[in-house]
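The values are calculated or read from the model by the stated rules, or taken from the named source; none is laboratory data. A quick note: this is a predicted structure, and the numbers were derived from the prediction, not measured. Here Cβ is always computed from backbone atoms with ideal geometry, including for glycine, and neighbour counts include all displayed protein chains. To get the accessible areas, we keep the full protein, side chains included, count just its heavy atoms, and leave off ligands, DNA and RNA. Shrake-Rupley method; radii C 1.70, N 1.55, O 1.52, S 1.80 Å.
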Amino acid sequence: MGCLGALLFLLGALGARAEICGVPKVDSQLVEKLGQRLLPWMDWLSLEHLNPSIYVGLRLSSLQAGTKEDLYLHSLKLNYQQCLLGSASGDDTSECQAKPSMGQLALYLLALRANCEFVGGRKGDRLVSQLKWFLEEEKRAIGHDHKGHPHTSYYQYGLSILALCVHQKRVPDNVVGKLLYAVEHDQHLHRGHFSVDTVAMAGLAFTCLERLNFNPDQRQRISTAIGTAREKILGAQTSEGHFGNVYSTPLALQLLMASPKSGVQLGAACLKARAALLASLQDGAFQNVVTISQLLPVLNHKTYVDLIFPDCQAPRATLVPASEVPSLSEVPEIITVSLRVPSVLPPYERSLFALAGSSLEDVLKLARETGGFTYETQASLSGPYLTSVMGKVAGDREFWQLLRAPDTPLLQGIADYRPKDGETLEMRLVSW
Ligand code: B12
């Protein structure tokens, strides 16, 4: 190659670098701290606590939990198979309090793939059939005219297509078509609200379908939808750099990393997002295991699409549990927190004294013990989900939204959010 050729090659290489969404290496101690937060959760091996998202996140990270990880996958297999298919002696799923949902089954299949397993055999085939059946039901709920809504969400719809795809199971065009339509007309995706997480998950599913050239008749539509998802996510970047909010940024980055496209804009946007993520990490924003498990792959330059061909031999550093920092016996600080529920008659409002550092859930418990306040929760992979307040259960397309007065929706759930002194927190029954 002559001098000019070498120069052109170099310029080309530099240009190409600017086109990809790179997230430069993050301090390994920060990553380790994140991984350590997952460890205590891996000691809970009952179905109610098992969380396939943790396993997937860890396997796509630069960290490993040794035998704990193997035991965790084993428990996932035992519990998910028994609760979805029944025990070997019969179809007895009575020991299972709640059957895993469509999205949870999809995450379980991703966990198997993260261990380089293809779902197979009689039991495996039945799980695949169940997931396909769930998707068919959702397709029916959306309807021919796309006027209906999935029983779960388009997020779980996308997740399920992705899970089948990485196992190299084809999904019919008409099932994929519903998700394509939703991305093309995004008011349908999240019942009117734009959700970066949902668009990113749909984009990841489409990227997998495109790579494997499944659904060849829809190839052009799929490729356009990936572009649309990418553009929407880039357009949702905040002034600090997050795509949507801090917790949707990991999935957004996964999509941008998995489906690179020319344009210096992409590289710059990803660098800005990385800086914003780092600042949030240092502030301790990532406490929830689901959000950590979505972030860890990104910090290791991996995405869920890599589960098509996972690298199970990649070296990973062994995690050691965090050493307990002895707490200094300081006089506990007392804070005042007000709770407000305008969606009931008469509206509820009360100020309570709580220990500094209490979670919102601790404050709700206090309000219940004090009398005059009731609430109920349901366990989910992200933690306790508020289902009912003052006896009012959120209906089909409703949820109890958490806000900091006057009008700022919280970015965390009741178990993770820690109110500050003088704050008023509101629970509002809203439709979505
Ligand atoms: C769909 C969705 C919703 C739907 C759920 C209803 C439904 N039928 O699906 C709606 C719009 C109602 C919702 C509400 C909320 N959500 Co939401 N939600 C999601 C989303 C996009 C997908 C969840 C999912 O299906 N996961 C896959 C399945 C297999 O897991 P699962 O555990 O079985 O799913 C259930 C739970 O996730 C639960 N759920 C949904 N959101 C939240 C949030 C929290 C904190 C908890 C404990 C449970 C929970 O609903 C799911 C369906 O039953 C995620 C995105 C993400 N990156 O994970 C955000 C996400 C989990 N939600 C989030 C938040 C903050 C909330 C709210 C607290 C917002 C608010 N200010 O009120 C509320 C929950 C309040 C409450 N009542 O406890 C954050 C959580 C961040 C964090 N630090 O943990 C995420 C990551 C979005 C984001 N980028 O900000 N959510």
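From largest accessible area down, sort TYR304, TYR247; use a 1.4 Å probe on the protein chains.
Numbers: TYR304 5, TYR247 30 Å².
From most accessible down to least: TYR247, TYR304.
Compute the accessible area per residue over the chain, keeping the other protein chains in place, probe 1.4 Å, unit Å².
With all protein chains present, the chain gives 48 Å² per residue.
Can you give me the distance in nm between label points at ALA141 and THR387, each placed 7 Å from the Cα along the Cα-to-Cβ direction?
The two pseudo-label positions are separated by 1.5 nm.
What percent does the relative contact order of region 206-278 come to when contacts are Cα pairs within less than 8 Å and at least six residues apart?
Once divided by the residue count of region 206-278, the mean separation gives 29 percent.
Can you give me the relative contact order of region 268-407 as a percent, contacts being Cα pairs under 8 Å and 6 or more apart?
About 13 percent, as a whole number.
Please give the FRET efficiency for LYS77 paired with LEU30, using the beta carbon to beta carbon distance and R0 = 35 Å, rounded to the nearest 0.05.
With R0 = 35 Å, the Cβ-Cβ based efficiency is 0.65.
What figure, in Å² to the nearest 10, do you get for the accessible area of TRP133 with a 1.4 Å probe and non-protein molecules left out?
Estimated to the nearest 10 Å², TRP133 gives 140 Å².
What percent do you get for the relative contact order of region 138-221 when only Cα pairs under 8 Å and 6+ apart count? Intermediate values should be presented prior to the final figure.
On the way: 81 pairs, mean separation 27.0, N = 84.
Once normalised by length, the contact order is 32 percent.
Considering only protein heavy atoms, with the full assembly of protein chains and a 1.4 angstrom probe, order HIS301, HIS144 by accessible area, largest first.
Result of the area sort, largest leading: HIS144, HIS301.
Mind checking which lysines have their C-alpha under 23 Å from LYS232, skipping anything on the same chain fewer than 8 residues away?
Here the lysines satisfying the reach criterion relative to LYS232 are LYS147, LYS178, LYS261, LYS272, LYS302.
Leaving out ligands, DNA and RNA, what percent of the accessible area of the chain is carbon and sulfur, probe 1.4 Å? Could you put the intermediate results ahead of the total?
Details: 11230 of 20760 Å².
On the chain, the fraction of accessible area on carbon and sulfur atoms equals 54 percent.
Through the Karplus equation 6.51 cos²θ - 1.76 cosθ + 1.60, θ set to phi - 60°, convert the phi angles of region 417-432 into ³J(HN,Hα) values in whole Hz; use x for Gly and Pro.
For region 417-432, the Karplus-derived couplings read 6, 10, x, 9, 4, x, 6, 10, 10, 10, 10, 10, 7, 10, 8, 9 Hz, x marking Gly and Pro.
Using the Karplus curve 6.51 cos²θ - 1.76 cosθ + 1.60 with θ = phi - 60°, work out ³J(HN,Hα) for each residue of region 230-240 in order, rounded to whole Hz, and write x for Gly and Pro.
Listing the rounded values in order: 4, 4, 5, 5, 4, x, 9, 5, 7, 5, 6 Hz.
Per residue of region 244-254, in order, report the coupling 6.51 cos²θ - 1.76 cosθ + 1.60 (Karplus, θ = phi - 60°) as ³J(HN,Hα) in whole Hz, putting x for Gly and Pro.
Using θ = phi - 60°, the values come out as x, 10, 4, 8, 8, 4, x, 5, 4, 5, 4 Hz.
First measure r as the distance between the Cβ atoms of TRP133 and LYS420, then evaluate 1/(1 + (r/R0)^6) with R0 = 45 Å and state the FRET efficiency to the nearest 0.05.
E(calc), rounded to 0.05, equals 0.45.
Among PRO297, TYR247, THR336, whose Cα lies farthest out toward the positive end of the dipole of the chain, if unit charges sit on the beta carbon of Lys, Arg (+1) and Asp, Glu (-1)?
Ranked along the dipole, the leading option is PRO297.
How far apart, in nanometres, would the label points at ALA322 and TRP41 be if each is projected 7 angstrom from Cα along the Cα-to-Cβ direction?
Between ALA322 and TRP41, the simple spin-label model gives 1.3 nm.
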